[in-house]
Amino acid sequence: YTTTWTVLYTYLPKWAYEGGRDAILKNLRDRGSRERILTYLKNQALDLSSVLVATSEASTAFLGRTLGQIARNQEISVEEALLNVLSATNTQVIVYDYNLSTSVMETLLMHPLSVVATDGAGYDLGYASLNGSLVHPRCFGTMPKFLSAVRDRNLMSWPAAIKKITSRPAEKLGLKKRGQLVVGNYADVVVLDPRGVESRASYENPYIQSEGIDQVIISGRLVVEKGELTGDNAGQVLRF
């Protein structure tokens, strides 16, 4: 995935958001400060039109729309659209920013010292119906996305790829008896089809399970069978 989750107000000049939400809203209402902010935004080498509104606790009106679409609908500049969204959501809005380089990311993935992980949280597939928020698709498809890239772009060997998502992270975190299929370790196993493993989660619809994963076993207990959850919550919280 070539986006980051970003708080929208961080696009503003630093002076405009120092002091928190009240200071931001005050600057957006003040004509002079607003013009200074707009000038700053227009002078940045950023493609604000592709910034996608992902989640907001204060308003759902803009969810799933880019600043470019909002600007066209309101017949204003994309910079003004950004400020309007901040005002309408009481500054409580998170967006997707397409600001990562695929080539740089692949170079890092192929480095022998790198490991693959995610800070994406776990969500129920029905979470979207609660508030319409768009969580990052990494929450549903990080590992399948990585493995499909390994397959389709021949980034590295399969053993090297599997090591980056199993034994190397376990070693770095100091997890004992995890990450390798050896006698005496916990039975953590994923059975997948290397030709068909794929993330189906997208920015517009992240709440979709991946393809190509047939079985998942955690600590010897079957939690996924034929691609479907069994209802057995075998995971546990790890404390360091």
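The values are calculated or read from the model by the stated rules, or taken from the named source; none is laboratory data. The structure displayed is predicted, hence computed values, not measured ones. Cβ atoms come from the backbone with ideal geometry, glycine included; neighbour counts cover every protein chain shown. To get the accessible areas, we keep the full protein, side chains included, count just its heavy atoms, and leave off ligands, DNA and RNA. Shrake-Rupley method; radii C 1.70, N 1.55, O 1.52, S 1.80 Å.
Since LEU125 meets every condition but one in (1) surrounded by fewer than 18 Cβ atoms within 10 Å (Cβ to Cβ); (2) modelled with pLDDT under 90; (3) in contact with a helix residue (DSSP H, G or I) (Cβ under 6 Å, 6 or more places away or on another chain), which condition does it not meet? Every condition holds for LEU125 apart from (3). Scanning the range 83-102 for residues that are under 18 Å from SER133 (Cα atoms) and either of a type in the set (S, T, N, Q) or assigned to a helix (DSSP H, G or I) (or both) turns up VAL85, LEU86, ALA88, THR89, ASN90, THR91, GLN92. Among the residues of the range 77-114, those identified as exposed (fewer than 14 other Cβ atoms within 10 Å of the Cβ) and of a type in the set (Val, Ile, Thr) are THR102, VAL104, THR107. Is one or more of the residues making up the range 169-188 of a type in the set (A, V, I, L, M), farther than 27 Å from LEU125 by Cα and touching a Gly at 6+ places or on another chain (Cβ under 7 Å)? Taking every residue of the range 169-188 in turn, at least one turns out to be of a type in the set (A, V, I, L, M), farther than 27 Å from LEU125 by Cα and touching a Gly at 6+ places or on another chain (Cβ under 7 Å).
Of the residues VAL104, VAL116, VAL53, the single one that is touching a Lys or Arg at 6+ places or on another chain (Cβ under 8 Å) and within 30 Å of ALA170 (Cβ to Cβ) is VAL116.
Looking at SER157, is it over 28 Å from THR4 (Cβ atoms), at pLDDT 90 or above, in contact with a helix residue (DSSP H, G or I) (Cβ under 9 Å, 6 or more places away or on another chain) and of a type in the set (Gly, Ala, Ser)?
Judged against the criteria, SER157 is a match.
Considering each of GLU225, GLU211 in turn, give the residue that is at pLDDT 90 or above, within 26 Å of TRP5 (Cβ to Cβ) and in contact with a strand residue (DSSP E or B) (Cβ under 9 Å, 6 or more places away or on another chain). Result: GLU211 is the single residue among GLU225, GLU211 that is at pLDDT 90 or above, within 26 Å of TRP5 (Cβ to Cβ) and in contact with a strand residue (DSSP E or B) (Cβ under 9 Å, 6 or more places away or on another chain).
When restricted to residues that are open to solvent by 80 Å² or more (accessible area, probe 1.4 Å), in a loop (DSSP other than H, G, I, E, B) and more than 19 Å from ASN90 (Cβ to Cβ), the range 32-65 contains 4. State whether the residues of the range 105-114 include one that is among the charged types (D, E, K, R) and either part of a loop (DSSP other than H, G, I, E, B) or touching a strand residue (DSSP E or B) at 6+ places or on another chain (Cβ under 7 Å) (or both). Checking the range 105-114: not a single residue is among the charged types (D, E, K, R) and either part of a loop (DSSP other than H, G, I, E, B) or touching a strand residue (DSSP E or B) at 6+ places or on another chain (Cβ under 7 Å) (or both).
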